[in-house]
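Undergrad: Shown below is the structure under consideration.
The values are calculated or read from the model by the stated rules, or taken from the named source; none is laboratory data. From a predicted model like this one, the values you see are computed outputs, not experimental measurements. A quick note on method: Cβ atoms are made from the backbone with ideal geometry, for glycine too, and the neighbour counts reach across all protein chains shown. Keep in mind that these areas ignore ligands, DNA and RNA; they rest on the heavy atoms of the full protein, side chains included. Shrake-Rupley method; radii C 1.70, N 1.55, O 1.52, S 1.80 Å.
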Amino acid sequence: MKVTIRANATTTERALVAKAKRIAKRFKSLPAGSPTLPGLTRQYQLVVDALGYDPIS
């Protein structure tokens with residue numbers, strides 16, 4: 001998992017990137033079909049929308 005953050009990121013942006021990383025790590029640890037996956041997907045999408053870009057590739 002490669003995480004991208006802008007060099008001039010604010011403290012809030014850095015916190016959002018850290019949150020995205022935690023969500024992605026949890027997402028990867030769950031089995032396919034887990035009832036938790038849709039909720040994590042929504043949380044991740046909210047972080048991406050707040051940042052304006054997807055920090056994980």
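Undergrad: Contact list please: Cβ distance under 6 Å, first residue in region 1-26 and in contact (Cβ under 8 Å) with a residue 40 or more places away in the chain, second residue open to solvent by less than 70 Å² (accessible area, probe 1.4 Å), pairs at least six apart or on different chains.
TA: 1/56; 3/55; 3/56; 4/55; 5/17
Undergrad: Against the condition outside any helix (DSSP H, G or I), open to solvent by less than 60 Å² (accessible area, probe 1.4 Å) and either touching a helix residue (DSSP H, G or I) at 6+ places or on another chain (Cβ under 8 Å) or of a type in the set (A, V, I, L, M) (or both), how does residue 9 come out, does it pass?
TA: yes
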